[in-house]
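The values are calculated or read from the model by the stated rules, or taken from the named source; none is laboratory data. Since this is a predicted model, take the numbers as computed values, not measurements. We place every Cβ from the backbone using ideal geometry, glycine too, and count neighbours over all the protein chains shown.
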Amino acid sequence: MSLPFIPVASPLKQYQSHKSAIDEAINRVLHSGRYILGKEVAGFEEEFAGYLGVRHCVTVANGTEAVCLALKACGIRAGDEVITVSHTAVATVAAIELVGAVPVFVDIDPVSRCMDHTMIESALSPETRAILPVHVYGQSAAMSEICAIALRHGLRVVEDCAQACGARIGDRKVGTFGHAAAFSFYPTKNLGAIGDGGAVATNDPEVSERVRVLREYGWKERYISSEQGMNSRMDEIQAAILRVKLPFLDEENARRRAIAERFSSALDRGSVIPPRPMPGTGHVMHLYVVESPERDALQAFLNERGIGTAHHYPQAVHQQGAYAGRVRGSDNLPVTERFYDTLVSLPLYPELQHDEVERIYTALADWCASR
Ligand SMILES: Cc1ncc(COP(=O)(O)O)c(C=O)c1O
């Protein structure tokens, strides 16, 4: 009899593990009669700001708009250059262009897989206004170095924390280092809604107020637009669900780390390179991405054993049709390009059962032993 398939992600299992509290929260909203920007949103904003250790949190409709509104609120305008990475979800770059700003790529560090801060200064131009590091896969970028560069050159820093909710550098959470930070609550994220959601976190009251105004048509006063805004509101049901899950986030991130350690212990002597958390950081293992020179064969081997795999992502942003050949910096990304030939994501989420973890561990150990 074949064993049940283990998918790379399972938002359904996440719902099931909090089912009764989520059902109750949804019911509470249904019966409240208030479905948009009510007390669940206000409550979540306060609780999430408290969790991160920032003064302000403003929820928005999704992570892409969180990046976009964080940039706008930090004063980034059409034509301004924003330094970022090509190794990210396309949303990061799409959000920069939604502002009308111009992305500029720098390469990644081969170990952290985040922005290589030593490349930032050579990418600066008179138009550079901001640096947008991405805490990719749950690993924090080198924020003290990036913030020091920004300070030297008078630049704004917006952190893309979509993949790193709860990640730390020392005892400080990501999202507290830059002028503003963007979060996504897409269902597979470490803190996931049951639909779309996002947030901007900041210590700056002016940035927070601008996001609040921009997310609802530029209203400071109801129905009166003081500037051009949009609709990027989070709904009450999503906020209520996030309030159920937030108290479990640290525990679930710890479970992710423990599972990742188990997988990595199978790879210690093999040809497969596991994620290597940077010293002094609290990685939250949003995705468990390994590197293998034989990645197609490794995927086939795992799939044969009922273990799902994926590519995060199949192409770097500068390799995708919409961006190819037109983003400055794209011709100097050797580490990013090498990484994309070898990466494979394995299943990793807190609801993985002990026997599933052991099946994946054994498969990885057998693969390594066969090489
Ligand atoms: C790094 C990164 N930035 C931004 C986003 C955008 O988030 P959303 O899908 O909520 O718009 C995502 C999510 O896919 C992401 O992984």
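When Y186, Y223, Y137 are checked against the criterion of being touching a strand residue (DSSP E or B) at 6+ places or on another chain (Cβ under 7 Å) and among the hydroxyl-bearing types (S, T, Y), a single residue qualifies: Y137.
State whether the residues of segment 183-191 include one that is touching an Asp or Glu at 6+ places or on another chain (Cβ under 6 Å) and either surrounded by fewer than 22 Cβ atoms within 10 Å (Cβ to Cβ) or of a type outside the set (S, T, N, Q) (or both). Reasoning before the result, please.
Filtering segment 183-191 down to residues touching an Asp or Glu at 6+ places or on another chain (Cβ under 6 Å) leaves none.
So far as segment 183-191 goes, no, none of its residues is touching an Asp or Glu at 6+ places or on another chain (Cβ under 6 Å) and either surrounded by fewer than 22 Cβ atoms within 10 Å (Cβ to Cβ) or of a type outside the set (S, T, N, Q) (or both).
Looking across segment 144-165, the residues that are of a type in the set (D, E, K, R) and either within 16 Å of the ligand (Cβ to nearest atom) or part of a strand (DSSP E or B) (or both) come down to R156, E159, D160.
Among strands (runs of 3 or more DSSP E) entirely within segment 166-280, having at least 1 residues that are under 15 Å from the mean Cα position of the chain (by Cα) and in the same structural domain as E145 (by TED's automatic domain parsing) singles out 180-184, 198-202.
Look at R168 and say whether it is among the basic types (K, R), closer than 19 Å to M115 by Cβ and more than 11 Å from the ligand (Cβ to nearest atom). Here the answer is yes, as R168 does meet what is asked.
Table: residues versus (1) assigned by TED's automatic domain parsing to the domain that holds N203; (2) within 15 Å of the ligand (Cβ to nearest atom); (3) among the β-branched types (V, I, T); (4) touching a helix residue (DSSP H, G or I) at 6+ places or on another chain (Cβ under 8 Å).
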{"site": "N27", "(1), (2), (3), (4)": "yes, no, no, no"}
{"site": "G43", "(1), (2), (3), (4)": "yes, no, no, yes"}
{"site": "G53", "(1), (2), (3), (4)": "yes, no, no, no"}
{"site": "V67", "(1), (2), (3), (4)": "yes, yes, yes, yes"}
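Listed by first and then second residue, the pairs linking a residue in segment 293-316 that is at negative phi to a residue that is in a helix (DSSP H, G or I) and small (G, A, S), with Cβ atoms under 6 Å apart and 6 or more places separating them unless they lie on different chains, are L302/A363; R305/A363; I307/A363. Of the residues that make up segment 144-159, is at least one in contact with a Leu (Cβ under 6 Å, 6 or more places away or on another chain), under 16 Å from V284 (Cα atoms) and surrounded by 21 or more Cβ atoms within 10 Å (Cβ to Cβ)? Checked against the condition, which is being in contact with a Leu (Cβ under 6 Å, 6 or more places away or on another chain), under 16 Å from V284 (Cα atoms) and surrounded by 21 or more Cβ atoms within 10 Å (Cβ to Cβ), segment 144-159 yields no hits at all. M230 meets the conditions (1) buried (at least 18 other Cβ atoms within 10 Å of the Cβ); (2) of a type in the set (A, V, I, L, M, F, W, C); (3) at pLDDT 95 or above in every case but one. The failed one is (1).
Only one of the numbered conditions (1) more than 15 Å from the ligand (Cβ to nearest atom); (2) farther than 30 Å from I237 by Cα; (3) touching a helix residue (DSSP H, G or I) at 6+ places or on another chain (Cβ under 7 Å) is not met by P103, and that is (1). Against the condition surrounded by fewer than 19 Cβ atoms within 10 Å (Cβ to Cβ) and charged (D, E, K, R), how does E65 come out, does it pass? Here the answer is no, as E65 does not meet what is asked. Pairing residues of segment 268-288 that are loosely packed, with under 13 Cβ neighbours inside 10 Å with residues that are not in a loop (DSSP other than H, G, I, E, B), at Cβ distances under 8 Å and at least 6 apart in sequence or on separate chains, gives R269/C368; G280/I169.
Summed over segment 107-140, residues that are small (G, A, S) and either surrounded by 24 or more Cβ atoms within 10 Å (Cβ to Cβ) or modelled with pLDDT under 95 (or both) total 3.
V104 meets all of the listed conditions (1) surrounded by fewer than 21 Cβ atoms within 10 Å (Cβ to Cβ); (2) touching a strand residue (DSSP E or B) at 6+ places or on another chain (Cβ under 9 Å); (3) not in a helix (DSSP H, G or I) but one, namely (1). Kindly indicate whether T92 is within 11 Å of the ligand (Cβ to nearest atom), in contact (Cβ under 8 Å) with a residue 24 or more places away in the chain and within 21 Å of A193 (Cβ to Cβ). Yes; evaluated as a whole, the condition is true for this residue.
The helices (runs of 4 or more DSSP H) found wholly in segment 1-77 and carrying at least 1 residues that are among the aromatic types (F, W, Y), farther than 23 Å from A182 by Cα and at pLDDT 95 or above occupy 11-17.
Looking for something in a strand (DSSP E or B) and within 16 Å of the ligand (Cβ to nearest atom) - is there at least one such residue anywhere in segment 109-117?
Narrowing segment 109-117 to residues in a strand (DSSP E or B): 115.
When the remaining residues are screened for being within 16 Å of the ligand (Cβ to nearest atom), the result is 115.
Yes, the conditions are met somewhere in segment 109-117.
One line per residue, one yes/no per condition, for (1) within 19 Å of I194 (Cα to Cα); (2) touching a Leu at 6+ places or on another chain (Cβ under 8 Å):
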{"residue": "G38", "(1), (2)": "yes, no"}
{"residue": "G43", "(1), (2)": "yes, no"}
{"residue": "G53", "(1), (2)": "no, no"}
{"residue": "V60", "(1), (2)": "yes, yes"}
{"residue": "V67", "(1), (2)": "no, yes"}
{"residue": "K72", "(1), (2)": "no, yes"}
